[in-house]
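Here, each number is a calculation from the coordinates, and none is a lab measurement. Treat the numbers as computed from the prediction; the structure is a model and nothing was measured. Cβ placement follows ideal geometry from the backbone for every residue including glycine, while neighbour counts extend to all protein chains displayed.
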Amino acid sequence: MVYRDLKPEQQEWVVANYKSGVKVGQIQGEFGLSNYNFYTLLRQKGVEVGRTTRIELPPETVEGIISDYKAKVRTTIILEKYNVSTTVLYRVLEEHGISKRSNRNRRIRVSR
């Protein structure tokens, strides 16, 4: 779909979800937007895109992420539960002085 075909409220939904950290692929899939159309829409709406974009999470989301991580909830579950990327997860942990967990103690399965 071409971004111009989206209704104004759909365009605002795309922008709001991008700013809140929803995965790009998930937003694109909602309306069938190509990369070109997706990023063109964001630029048209004045959204700074790329690595400089900083996602601001609500305080309750940040607290939930930290709480779950400290409770040793699997990272994949946290990412799905709060709908954030790995980058956002580790930024939140770093900002709050929480060290990343090590994979050293994981058991390796050997198939026979």
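Lys-Lys pairs in the chain that are eight or more residues apart or on separate chains and whose Cα atoms lie under 20 Å of each other come to 11.
The ranking of I66, I77 from fewest to most other beta carbons within 10 Å of each one's beta carbon is I77, I66.
For the chain, what does -39500 (n - 2.57) per DSSP helix run (n ≥ 4), summed and divided by total residues, give at 222 nm, in deg cm²/dmol to the nearest 500? Spell out each step's value before the answer.
Values: 6 runs with 60 residues, N = 112.
-15500 deg cm²/dmol, from helical runs alone.
Summary value for the chain: 26 percent relative contact order, contacts being C-alpha pairs under 8 angstrom separated by 6+ residues. Taking other residues whose beta carbon is less than 12 angstrom from the beta carbon of T61, and scoring Lys, Arg as +1 and Asp, Glu as -1, yields -3. To the nearest 10 degrees, how steep is helix 59-70 against the longest Cα principal axis of the chain, on a 0 to 90 scale? Taking Cα atoms only, the helix is inclined about 30 degrees.
Can you tell me the convex hull volume per residue for the chain, based on C-alpha atoms, in Å³ to the nearest whole number?
Expressed per residue, the convex hull around the Cα atoms of the chain is 147 Å³.
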